[in-house]
1. Give me D for segment A:3-110 in µm² s⁻¹, whole number, from Stokes-Einstein with Rh from the Kirkwood sum over alpha-carbon pairs, 4 °C and 1.567 mPa s.
2. I need the Kirkwood Rh of segment B:495-551: take the reciprocal of the average 1/r across all distinct C-alpha pairs and report it in angstrom.
3. Need one number for segment B:694-821: average projected area of the convex hull over its C-alpha atoms, nm².
4. Once you've got the Cα coordinates, tell me which of B:Lys599/B:Lys678; B:Lys83/B:Lys220; B:Lys454/B:Lys755; B:Lys322/B:Lys431; B:Lys508/B:Lys636; B:Lys431/B:Lys508 are over 26 Å apart.
5. So which trypsin sites (Lys or Arg not before Pro) in segment B:636-722 end up in coil per DSSP with only 14 or fewer other C-beta atoms within 10 Å?
6. Cβ under 11 Å from B:Ile343's Cβ, B:Ile343 left aside: what net charge do those residues give with Lys, Arg +1 and Asp, Glu -1?
7. Using 18 Å as the cut-off for backbone N distance, which residues of segment B:334-348 belong to the label zone defined by a point 7 Å from the Cα of B:Asp380 along Cα→Cβ?
8. Can you tell me, using C-alpha contacts under 8 Å and at least 6 residues apart, the relative contact order of chain B as a whole percent?
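Bear in mind that the values in this text are calculations on the coordinates, not laboratory data. Because the structure is predicted, anything quoted here is derived from the model rather than measured. Every residue, glycine among them, receives a Cβ derived from its backbone with ideal geometry; neighbour counts consider all protein chains shown.
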Amino acid sequence: MTLQAHIDPHWRDVGAVTDIPERGARRVATAQGDVAVFRTGDGQVFALVDRCPHKRGPLSQGIVHGHGVTCPLHSWVIDLATGQPTGADAGKGCAPVVPVLVRDGRVLLAQPVMAD
Amino acid sequence: MTKERLVVIGNGMAGCRAVEEVLKRDPARYDVTIFGAEPRVNYNRIMLSPVLAGEKTFDDIVINDEAWYRDNAITLHAGRAIKAVDIEGRKVIAEGGLEVGYDKLILATGSDPFRLPLPGSDLQGVVTFRDLDDVEAMVEASGKPNARAVVIGGGLLGLEAAYGLARRGMAATVVHLMDVLMERQLDESAGYLLREALAERGVETVLGAHSEEIVGRDGKVAGLKLKDGRVLPCDLLVMAVGIRPNAALAKAAGLQVNRGVIVDDAMRASDPAVFAVGECVEHRGNCYGLVAPIWDMCRVLAEALTDGEGAYAGSVLSTRLKVSGVDVFSAGKFAGGEGCEDIVFRDAARGVYKRVVIEGGKVAGAVLFGDAADGGWYFDLMRAGTDVAEIRETLIFGQAITEGLSGLDPSAAVAAMLDTQEICGCNGVCKGAITGAITTQGLTTLDDVRAVTKASASCGSCTPLVEQVIRLTLGDGFKAQAGPKPMCKCTHHPHGDVRKAIVEFELKSMPAVFQAMEWTTPDGCASCRPALNYYLLCAWPGEYVDDSQSRFINERVHANIQKDGTYSVVPRMWGGMTSPAELRAIADVADKYAIPAVKVTGGQRIDLLGVRKDDLPAVWADLNAAGMVSGHAYAKGLRTVKTCVGSDWCRFGTQDSTGLGIKLEKFMWGSWAPAKVKLAVSGCPRNCAESTCKDIGVICVDSGYEIHVGGAAGLHIQGTQLLTKVPTENEAIAVIAAVMQMYREGGWYLERIYKWMARVGLDTIRAATVDDLDSRATLYARFVVSQETAQIDPWAERATGGVAAGEFAPMATLPLEMAAK
Ligand SMILES: Cc1cc2nc3c(=O)[nH]c(=O)nc-3n(C[C@H](O)[C@H](O)[C@H](O)COP(=O)(O)OP(=O)(O)OC[C@H]3O[C@@H](n4cnc5c(N)ncnc54)[C@H](O)[C@@H]3O)c2cc1C
Ligand code: SF4
Ligand code: SF4
Ligand code: FES
């Protein structure tokens, strides 16, 4: 069975899990701006819109630790699962979560939403 | 009345257990016939590992001997495989043509080990690890003198195989595709400890290794070749890369098969007279490779076969590794996940690492290394879905402590503890010893108690308990702790202790530090990771491999991130000198990449601002082509050496300040430090290069060179202090390098030189770098060694795509907007 046949039509293959450094992130460029795709130390994959809720810092450039990322601009710590800032900055906005799935070692992002 | 005929295919763990369960419920109902491909009675397959290791014999692991078959009137056809099943005719056809009819049939054919389709996989000496024949083949191979084994696969099976072979005297190497051993059961920290423990037991591990080819000689295996070109010589090659449900027979018979034989919740296959259990089964999309689920399945199956009730709902799994003296347990979401919270405990002295994952107030998983005694308890809490909010504080200490204190608030719990109950596990201090010391010796602080009793002096995880004891004993007399500040919330150790331990205990990797210093998080945080990365790099130059994911973005991409996510690029201009050719090249780069801003910096060089991340490698390539290298304007390390024009041009100049600045910069560039380091050299006391507000500054005078240290001109303004005056340029360079190295080795991460100096004292620095010539020389020598591996232009490495390929380009480009929740 080919890989494509596995994948339902709503998901977009953006590359292999191993394309993302462990405890790191990669950007996926979209027409609406970048999506940050993270791979944590325990091998899980998360995706957020690549925009810090504070001042739009690119979260894909931060340091990944546990299931959080520290924004490169002013060090807010964003929870990768929820996109919410944690600690003292909790409750101040969020980086939208992008649904992501790993199948057979490939990273799939939720399919683009067509404009109505 | 004639009995119903029950035929079982597979004389393994599931087949026989299913029969046992049926007999337990209704011993008279069936006439049982078992076919087994293996020519022997039913044995405990999981104990093949200790048999291989020579810790058990085959007789020890037999589950049902011949008497059992006889006493229960079971017909066993051992060594006779079933070739076909006739579903219509309700009969099975064995090798040699024997046909046996059934009323009910159980498929328990287990699974087959997966063989990688590598060239050479059919060579003699390539084996799998599944049954007694495999074990015998391995034992035989281990008998040859100096025999070597390679095991492909660092999962449970592969590691047990390698351990067994090592016990039999073979040099055993495990080759694993992933970076963590048993990555489906262990996180990185536990995987690291396991690797160390195996090494102590003679098992080498090669991680992140792709196998390419099995090389042979005269039809026999001679080695394993990896993709990176390495060849690991061996006389035995064990493939332990996974299993595949053995469902071919069922498929040929026309039963529904996917990965395994598809069964419903009563373990019934797609024909009403046929059932399946064990590893050959696929239930609700899951196939299992452990025995615990098999026991559950067998109970349900037996109910169905004796008109009882029961439904199999799938199993939650836990794993234990069977390597003597290495306690490893894993269950559930051991690595956390969305909305999970970790409780981590490390005890370096005992080599213990525990991580319990909590989700929604319940235990969601656990990984234990070194002390897995509470594995069963965590697993029970997890399966029962017990709310653990009440016992969260003590959960990680295990069942005995937790249940001893249950239902009490922490202070009442401590109050209720007996004087003989242990508080500090590391040092074996019980409550009575602490209260006794407090009252008899008049102790009032945690530090006092630590010093006198050693309670909480090692791993520190019992600190809250010890504080409770002091508070209870003293009431208001208790003084809360000040003490040195821990590095970050992942540890209670301050920077100094950690730096010392890295050198003293020869800790050479981050997991090694986490374990030895008992970090309370699985992989550190954004504050300690960059610090540790630096400390390790400084302590083990040329040996420790820099972890770019532990670097702040600017150091990871060798450019400075700006508020809009673009970067600024600053090429080095040695001593602030440039040339028309360099300026032209910079101008060309600015034009070619439409760089929006070009600015002169305070460090006497040029900043290209607003470069897109994707363009960085190309920008660097162009600058490299014109002879320029990274200015490290982003680095916790040497930044600029600012100079004045000195005796070359200035009428006041006493020495060649520009020349000395260039020499210093060429010698010292590339070195990492706890924080940024800026230098300056002025040609006379008029100090046009502002030497006296730099980290290290030189002021030239007629008779030589004054060396000043500890200036700052940032958030904090501070003039330097005079360290010494030396007569020659060479001596100036030697002293400056020695100061730099002393700071590199002793400074705390993010601590600028002026702060370091305030902490250790100017006199100490002077003694080590000026007065004591031996000390100066060794510091200098260590700096030189470290520079050997530090002076590689990071831009050139990246411009050519050799390093961090993938860092700069997006992973993918999608045309439309992504769905965001
Ligand atoms: C070395 C080793 C260590 C392990 N350690 C652990 C452990 O620590 N913990 C754990 O939970 N699990 C462990 N396992 C896994 C565990 O042994 C299996 O999950 C379990 O044995 C599966 O039982 P089964 O009856 O489905 O398959 P098996 O026990 O493999 O039995 C299947 C039997 O069917 C026979 N057969 C197959 N086809 C036919 C045919 N056509 N006709 C007749 N007979 C046939 C086979 O010869 C075999 O004897 C280990 C496995 C191995 C190999
Ligand atoms: S510091 Fe002295 S030598 Fe240098 S430029 Fe100024 S006046 Fe001239
Ligand atoms: S002074 Fe402040 S605003 Fe200006 S460059 Fe430095 S940090 Fe940025
Ligand atoms: S933009 Fe992320 S912390 Fe400021």
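1. On the way: Rh = 13.8 Å.
In µm²/s, the coefficient rounds to 94.
2. One decimal place: 11.2 Å for the Kirkwood radius.
3. On the way: hull surface 53.1 nm².
Projected over every direction and averaged, the Cα hull of segment B:694-821 covers 13.3 nm².
4. On the way: B:Lys599/B:Lys678 19 Å; B:Lys83/B:Lys220 31 Å; B:Lys454/B:Lys755 32 Å; B:Lys322/B:Lys431 36 Å; B:Lys508/B:Lys636 21 Å; B:Lys431/B:Lys508 37 Å.
The answer is B:Lys83/B:Lys220; B:Lys454/B:Lys755; B:Lys322/B:Lys431; B:Lys431/B:Lys508.
5. On the way: sites: B:Lys636, B:Arg639, B:Lys642, B:Arg651, B:Lys663, B:Lys666, B:Lys676, B:Lys678, B:Arg686, B:Lys694; in loops: B:Lys636, B:Arg651, B:Lys676, B:Arg686, B:Lys694.
Those that pass, being in a loop and sparsely packed, are B:Arg651, B:Arg686.
6. Details: positive: B:Lys354, B:Arg355, B:Arg392; negative: B:Glu341, B:Asp342, B:Glu393.
Spelling it out: positives minus negatives among the neighbours equals 0.
7. Answer for segment B:334-348: none.
8. It comes to 7 percent, rounded to a whole number.
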